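The values are calculated or read from the model by the stated rules, or taken from the named source; none is laboratory data. The structure displayed is predicted, hence computed values, not measured ones. Counting neighbours? That spans all protein chains shown, and the Cβs are built from the backbone with ideal geometry, glycine included. We work out accessible area using only protein heavy atoms, side chains counted, and drop any ligands, DNA or RNA first. Shrake-Rupley method; radii C 1.70, N 1.55, O 1.52, S 1.80 Å.
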Amino acid sequence: MRRTSLRAIGALTAAFTVVGLTTAVPAYAATGPNIKVTAKAQEGRWLPGDAIPIEVTVANIGDTTANQVKGYSERESGAYFTVDEASWGDLRSKDGATYAPGESRTYTLKGSVYTLNEGNPVLNIDVSGPEEADYSDNRSLITVGLLSPATTDRVAGVLYGDRDEDGKFSPGEGLAGAEARLIGSGMSEYLVAITDAEGRFAFDAVPVGSNVSWHFEKLPDGWVTGYPPSLRVDGSGQNTALEGRAIRPLTDSLSAKISLDKTSYAVGETATATVTLTNVGAREVTGLYAGCDPGGFERGLEIPQTQWGAFSYMNKAGKVAPGQSVVLKVTGTVPAKAGAYGETGLDCWFDNDNSLSSGPYAYQNAKVPGARADSRGQLWYDKNGNHRLDPGEGVANTTVALSTTDKKLVSLAKTDANGFLTFTNVAVGVYRLSLLGPWRTEGSGETIEVVASPYNPGQWTLHVVPR
Ligand SMILES: [Ca+2]
Ligand SMILES: [Ca+2]
Ligand SMILES: [Ca+2]
């Protein structure tokens, strides 16, 4: 409201000033505070998200103190432009700024755009207070010059396999035939370039963006790389000597093996696992730690981290000398969930923080027999072809065989009028389903997992088709 009324007065004053000029009366002759504002957006290769500086100089050219001086920006046209509130300083304080006669200060506003596609923002920077003597010079119209969205840039570099492990691209280390991939936020698909005989790659026309991701795929001979930091691509040509570093996988030198003291356990029993890590490489492997149950199944042995000693996730200090094996004995209890699934074990990755997750993985399973459960499911045929199970699509009166994964028959059951069947009191574990009669499964055979409560996954469904 206040701004509107100030503007209205400003317009009147401006009109008056024009009249005044024709009669050669200087505009600044009026008595009172008289703020004058000049503003300019800094030039640059601005992209969405950049903090674009706008220099605003505010002076009181009047003959009395200007109080309650406040600043605003208003967009006339172009892309939406947000100005960081704090960058206005005292011009946005509760009481506004105070300027003595002749005083001048400069502010650096910081603002940003979300897109390059709506044109250069044109803004009015408006600074004024009450009792302003002359509103004609209190606004400054500025244009923020963004990069054209059609701007492209060259991005190029080399992919090297750091064979001598010096962290640098050394002669002869270029890796040929890998895919360099690059994508920016506005791009619908990856740009792909293949590295040449020297490992070099180039993208000639990458659309500008402040956050362009790049990485490599299909590296030769098992080399591994990580994801390098994303690039700012702004047409300045600053990304034409990129270096992508690849390393040999940790599995080249380190192998892992896990064995358990028994092949079968009861829930709550303590099991001992023997973990053997062997370094067949020429250098010591350090910083090692075990990361177990990476799939998060929670059926494996519950081994306290302290059992791993230097190889625990907290310590990350395991070492294996070249040509040596380290044998770790760890003990853990068999959780209740293992009983419901009929299976426990230990599965772990062995890595260090420099391996780019290329360390060895090892596992050993064991049975946890005893639990039995019912397994209920439904056979159905997609009569109307809508890829959904609809009422009336159950396949009735069909016999299904439940067999072990090594094809020993365990149980037979027949579907009811709606296609439902139940295998009752089956030992928990993984089984195969096969159909007798005029129906068959679409694949070569289906497996189901029989699990005891409370982990029972509920009813299964199996889509079948006529033989
Ligand atoms: Ca003024
Ligand atoms: Ca090197
Ligand atoms: Ca259907």
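Before moving on, here are some points about what is shown:
- Single residue of A193, A176 found to be at pLDDT 95 or above, aliphatic (A, V, I, L, M) and part of a loop (DSSP other than H, G, I, E, B): A176
Residues checked against (1) farther than 30 Å from R232 by Cβ; (2) part of a loop (DSSP other than H, G, I, E, B); (3) at pLDDT below 95:
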position	(1), (2), (3)
T31	yes, yes, yes
E55	no, no, no
V69	yes, no, no
R75	no, no, no
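Results for (1) at pLDDT 95 or above; (2) crowded, with 20+ Cβ neighbours inside 10 Å, shown as yes or no for each residue.
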{"site": "V368", "(1), (2)": "yes, yes"}
{"site": "S403", "(1), (2)": "yes, no"}
{"site": "L409", "(1), (2)": "yes, no"}
{"site": "N418", "(1), (2)": "yes, no"}
{"site": "S444", "(1), (2)": "no, no"}
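- Region 202-246 - residue that is closer than 26 Å to T151 by Cβ and polar (S, T, N, Q) and, of those, least open to solvent (accessible area, probe 1.4 Å): N239
- Only one entry in G291, G295 is open to solvent by less than 30 Å² (accessible area, probe 1.4 Å), assigned by TED's automatic domain parsing to the domain that holds K316, farther than 30 Å from L191 by Cα and under 23 Å from the mean Cα position of the chain (by Cα), namely G291.
- Here D153 clears all of (1) within 27 Å of I247 (Cα to Cα); (2) open to solvent by less than 20 Å² (accessible area, probe 1.4 Å) except the condition numbered (1).
- Yes/no for R388 being away from ligand 3 (no atom under 16 Å from the Cβ) and either without any contact (Cβ under 8 Å) to a residue 60 or more places away in the chain or open to solvent by 90 Å² or more (accessible area, probe 1.4 Å) (or both): no
- Residues satisfying the criterion are present in region 402-422 (criterion: within 43 Å of the chain's Cα centre (by Cα) and outside any strand (DSSP E or B)).
Results for (1) modelled with pLDDT of 95 or more; (2) part of a strand (DSSP E or B), shown as yes or no for each residue.
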{"site": "Q364", "(1), (2)": "yes, yes"}
{"site": "R376", "(1), (2)": "yes, yes"}
{"site": "L379", "(1), (2)": "yes, yes"}
{"site": "D382", "(1), (2)": "yes, no"}
{"site": "V400", "(1), (2)": "yes, yes"}
{"site": "V426", "(1), (2)": "yes, yes"}
{"site": "E449", "(1), (2)": "no, yes"}
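- Number of the condition not met by S148 [criteria: (1) open to solvent by 20 Å² or more (accessible area, probe 1.4 Å); (2) touching a residue at least 40 places away in the same chain (Cβ under 8 Å); (3) more than 26 Å from the chain's Cα centre (by Cα); (4) under 27 Å from T82 (Cβ atoms)]: (2)
- Residues within region 252-263 that are within 20 Å of K337 (Cβ to Cβ) and assigned to a loop (DSSP other than H, G, I, E, B), tallied: 2
- All positions within region 247-265 that are open to solvent by 50 Å² or more (accessible area, probe 1.4 Å) and either in contact with a Phe, Trp or Tyr (Cβ under 7 Å, 6 or more places away or on another chain) or touching a residue at least 40 places away in the same chain (Cβ under 8 Å) (or both): R248, T251, S255, K257, K262, T263
- Of all the criteria given as (1) in a loop (DSSP other than H, G, I, E, B); (2) within 16 Å of ligand 1 (Cβ to nearest atom); (3) modelled with pLDDT under 95, the one not satisfied by A24 is (2).
- In summary, Q305 fulfils each of the numbered conditions (1) on the phi > 0 side of the Ramachandran plot; (2) surrounded by fewer than 17 Cβ atoms within 10 Å (Cβ to Cβ); (3) of a type outside the set (A, V, I, L, M, F, W, C) with the single exception of condition (1).
- A97 vs. criteria open to solvent by less than 10 Å² (accessible area, probe 1.4 Å), farther than 25 Å from S210 by Cα and outside the structural domain of G209 (by TED's automatic domain parsing): yes
- When residues of region 108-139 are limited to those that are surrounded by fewer than 22 Cβ atoms within 10 Å (Cβ to Cβ) and without any contact (Cβ under 8 Å) to a residue 60 or more places away in the chain, the one farthest from P33 (Cα to Cα): N117
- Residue within region 376-383 that is surrounded by 15 or more Cβ atoms within 10 Å (Cβ to Cβ), in contact (Cβ under 8 Å) with a residue 40 or more places away in the chain and closer than 19 Å to A273 by Cβ present: no
- The sole residue among G62, G89 that is more than 16 Å from ligand 2 (Cβ to nearest atom), open to solvent by less than 60 Å² (accessible area, probe 1.4 Å) and touching a Phe, Trp or Tyr at 6+ places or on another chain (Cβ under 6 Å) is G89.
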